[in-house]
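> Just passing along the structure, written as structure tokens.
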Amino acid sequence: MGTESAGNTDLTATQTIATLEDATKILKIIPMPVCVAEHATGKLVFINKAFEKLTGLTENNILGKNSIELGFFKSQDERVVVLREKVSMSSQQLSWQKKYVNFNGIEFYLSINSEILIIRERQFVVSTLHDLSEQIRMEKEIFSDILKEKEHLMADIGAMAKVGGWQVNIPDMTTTWTDEVAKIHDIEPGSAVSVEKGISFYHENSRERIIRAVNDAIEKLKPFDLELQIISAKGV
């Protein structure tokens, strides 16, 4: 089993307790998920029942393992970066958020707050976890509803003004056309259209200009405003 080095975290101790047993007696009764890890290695030495319920892990399969093995960090480099960069200078606490998939395959969005605890000159990191999954799910739903309303509004405006729009998804170079653009080109609204097919709707005298404009927009973030001749799917 590998170990982890905490690196230079700039965290300072906020309190000292005589023994780890004393600390865990207090932490066991806290209703929110809590875990305690060795600062130097990242190995978990304590979790409470709320932590077990949230993560789907038990003491038997978590204690003694470090945070990389448990999937809280992808690598040692990521752990060091988080411990260094997410520290609040005012409170000296580590506060950060991340997406975590537990051993049951359930996805969570967690808010994690940590601070240093010194027990007999040994440093431990005490962390409390808050499940943000429902909050983020609701935010996504609200954003999705707003986006849909915007799309419907733009579609209505486009239909009235005979103006459409299209966008290119850069990674796979697929396009999304509004219904009005599809109507202008005499194709069925909602049809999947590649960049190449979209360019083929421009008259051959205009294709070089639109190809150059699209490439400049993608590579140089350069906007364009062109008047070009097009050919519809019916050849007119």
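The values are calculated or read from the model by the stated rules, or taken from the named source; none is laboratory data. Please read all numbers here as calculations on a predicted model, not as lab measurements. Note that each Cβ is placed from the backbone with ideal geometry, even for glycine, and that neighbours are counted across all protein chains shown. Accessible surface areas use protein heavy atoms only, side chains included; no ligands, DNA or RNA. Shrake-Rupley method; radii C 1.70, N 1.55, O 1.52, S 1.80 Å.
> Looking at the range 142-150, can you tell me whether even one residue there is touching a helix residue (DSSP H, G or I) at 6+ places or on another chain (Cβ under 8 Å) and either over 30 Å from V36 (Cα atoms) or at pLDDT 80 or above (or both)?
No - not one qualifying residue is present in the range 142-150.
> Would you confirm, using the coordinates I've provided, whether A50 is farther than 26 Å from Q76 by Cβ and surrounded by 15 or more Cβ atoms within 10 Å (Cβ to Cβ)?
Answer is yes for this residue.
> For the range 81-95, how many residues meet the condition of being at pLDDT 75 or above and surrounded by 15 or more Cβ atoms within 10 Å (Cβ to Cβ)?
Number satisfying all stated conditions: 1.
> Follow-up question, since we're still on this one. Tally up the residues in the range 218-236 that are modelled with pLDDT of 85 or more and open to solvent by less than 60 Å² (accessible area, probe 1.4 Å), please.
0
> When you go through (1) part of a loop (DSSP other than H, G, I, E, B); (2) touching a residue at least 40 places away in the same chain (Cβ under 8 Å); (3) in contact with a strand residue (DSSP E or B) (Cβ under 9 Å, 6 or more places away or on another chain) one by one for L54, which number turns out not to apply?
(1)
> Residue by residue through the range 218-230, note down the ones that are within 20 Å of H203 (Cβ to Cβ) and not in a loop (DSSP other than H, G, I, E, B).
I230
> Does K98 satisfy being surrounded by fewer than 16 Cβ atoms within 10 Å (Cβ to Cβ), outside any loop (DSSP other than H, G, I, E, B), at pLDDT below 85 and not β-branched (V, I, T)?
yes
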